[in-house]
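Trainee: I have a structure here, written as structure tokens, and I will follow up with some questions on it.
The values are calculated or read from the model by the stated rules, or taken from the named source; none is laboratory data. Keep in mind that what you see is a predicted model, and the values were worked out from it rather than measured. No Cβ is skipped: glycine too gets one built from the backbone with ideal geometry, and neighbour counts run over all protein chains shown.
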């Protein structure tokens with residue numbers, strides 16, 4: 001089974017509720033639907049958090065030249081920062097980085113990676129326009145409407161290639177392994193509702 005065979009039909013007809021006033025703006029995603037969606041992400045990502053990439057049997061995800069990516073990566077040891085980190089008086093991270101936008105799921109005591117990106121300038125990347133900010137806003141709003149609390153953070157991995165081409169290649173390998181739902185390469189795999197609401 002390839003990774004793209006795992007597309008899910010996220011919504012049952014009874015799981016979406018629309019306001020009579022404005023059905024397009026007041027879409028409500030039920031708590032049950034959100035939790036089922038999160039559980040699917042946890043089921044894929046949790047073994048990688050615990051054991052690294054070696055547990056993956058899909059060897060097609062990695063080229064033979066990328067054996068170093070198969071070693072366990074201590075992502076959880078990177079410092080979690082608020083998404084508004086760039087407003088802090090002192091720059092926390094500077095220079096090239098791969099970054100991970102995560103949510104800590106209290107119900108499962110698990111982290112999930114929602115987005116992976118790369119930048120030449122960690123201290124400035126999140127300050128400007130970014131599609132992922134819209135998805136995170138929609139995600140947070142949906143969780144709050146369902147009486148759930150998002151615990152979003154961003155983590156920067158600074159030990160990455162300085163050359164943009166090499167850094168982007170690393171980013172793509174990480175996306176293929178973790179399958180974060182807000183990256184454009186993986187949205188259809190998870191039938192991510194928080195991106196379709198704002199497209």
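Trainee: For residue 152, state whether it is within 12 Å of the chain's Cα centre (by Cα) and under 14 Å from residue 117 (Cβ atoms).
Mentor: no
Trainee: Kindly check whether there is at least one residue in the range 171-180 that is in contact with a strand residue (DSSP E or B) (Cβ under 6 Å, 6 or more places away or on another chain), at pLDDT 95 or above and outside any helix (DSSP H, G or I).
Mentor: Checking the range 171-180: at least one residue is in contact with a strand residue (DSSP E or B) (Cβ under 6 Å, 6 or more places away or on another chain), at pLDDT 95 or above and outside any helix (DSSP H, G or I).
Trainee: List every residue pair whose Cβ atoms lie under 6 Å apart, where the two residues are 6 or more positions apart in sequence or sit on different chains, the first residue falls within the range 26-51 and is buried (at least 16 other Cβ atoms within 10 Å of the Cβ), and the second residue, located anywhere, is in a helix (DSSP H, G or I).
Mentor: From the range 26-51, the pairs are 29/142; 29/193; 30/15; 33/15; 45/178.
Trainee: Then there's this: Return the only residue of 99, 135 being within 24 Å of residue 190 (Cβ to Cβ), touching a strand residue (DSSP E or B) at 6+ places or on another chain (Cβ under 7 Å), buried (at least 18 other Cβ atoms within 10 Å of the Cβ) and modelled with pLDDT of 85 or more.
Mentor: It is 99.
Trainee: Still on this structure, I have one more. With the requirement that a residue be under 29 Å from residue 33 (Cα atoms) and buried (at least 16 other Cβ atoms within 10 Å of the Cβ), what does the range 147-164 give you?
Mentor: Once the filter is applied, which keeps residues that are under 29 Å from residue 33 (Cα atoms) and buried (at least 16 other Cβ atoms within 10 Å of the Cβ), the range 147-164 yields 148, 150, 152, 153, 154, 155.
Trainee: While we're on this one: Report yes if residue 118 is modelled with pLDDT under 95, farther than 19 Å from residue 39 by Cα, in contact with a helix residue (DSSP H, G or I) (Cβ under 8 Å, 6 or more places away or on another chain) and assigned to a strand (DSSP E or B), otherwise no.
Mentor: Judged against the criteria, residue 118 is a match.
Trainee: Quick one: would you say residue 167 is without any contact (Cβ under 8 Å) to a residue 12 or more places away in the chain and surrounded by 13 or more Cβ atoms within 10 Å (Cβ to Cβ)?
Mentor: No; evaluated as a whole, the condition is false for this residue.
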